[in-house]
Amino acid sequence: MVAGIPLARTQNLLPLMLNDRPASSVGVRDVRIDFFRGLALYMILVDHVVGDPLGKFTYQRIGFSDAAELFVFLSGVSCAIVYSHVLARLGWGGLLASITRRVTQIYVYYLLTSIVVIALIYAAGSLMKVSFVSDPFLVVSADPVSAIWAAVLLTSPPALPGILVLYLMLTSPSSRCSCWPRNVAPGWPWR
């Protein structure tokens, strides 16, 4: 018996764990990637709660990074698996159309989240007469309309939904030819 599961059942799972995928693997999610992405999200949550005793068991305590890097890496692996199947089935045109749809979807979610965050911060600041200047995650300019326009144009997005900006830059094929990568890493191949 392994972890409460009879040994005969664990031997049946061994081929799946060794990456023997079913013949019709199109549309089948790799639960190993989902499991470790979920574990990374849980570690991110635990690391952000000050004084949580479970924080002693996350790997942020032994390194310079936290589980966010693991989550982003596993998301990239997941995207590579999905989009390699799209490329094999639909070709380059289908791949670009699929990526464009996904980037548009992420951008819409980013805009909605940013507008809600900006409105909530502005409303809380005006109702409570509190200045959020000392907290970098809650800084919004005095004018919420200009803050929303800065979020729309991606010039100064709010920090809380900022992870969606990272996904936009990593997913978008046009990010390779924009000026953003040249400013970050001038010697890289997209130059």
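Some observations on this one:
- A Förster distance of 25 Å, applied to the separation of the beta-carbon atoms of residue 48 and residue 149, puts the FRET efficiency at 0.30.
- Rounded, prolate or oblate (a/c below 1.5 giving rounded, otherwise prolate when a/b exceeds b/c) for the stretch 26-178 by Cα gyration tensor: oblate
- Loop-located trypsin sites (Lys or Arg not before Pro) in the stretch 29-98 (DSSP state other than H, G, I, E, B) with a sparse environment of at most 11 neighbouring Cβ atoms within 10 Å: 29.
- Residue-wise HN-Hα coupling along the stretch 71-79, computed from phi with Karplus coefficients 6.51, -1.76, 1.60 (Hz; x: Gly, Pro): 4, 5, 4, 5, 5, x, 5, 4, 5
- Cleavage-rule hits, chymotrypsin sites (Phe, Trp or Tyr not before Pro), the stretch 33-101, DSSP coil, Cβ neighbours within 10 Å at most 16: 64
- Label-point separation, residue 106 to residue 31 (7 Å along Cα→Cβ), nm: 2.7 nm
- At an R0 of 35 angstrom, the distance between the Cβ atoms of residue 84 and residue 56 translates into a FRET efficiency of 0.35.
We did not get these values from a lab; they are worked out from the coordinates using the rules stated. Please read these numbers as outputs of a predicted model, since none were measured by experiment. Reconstructed Cβ throughout: ideal geometry from the backbone, glycine too, with neighbour counts over all protein chains shown.
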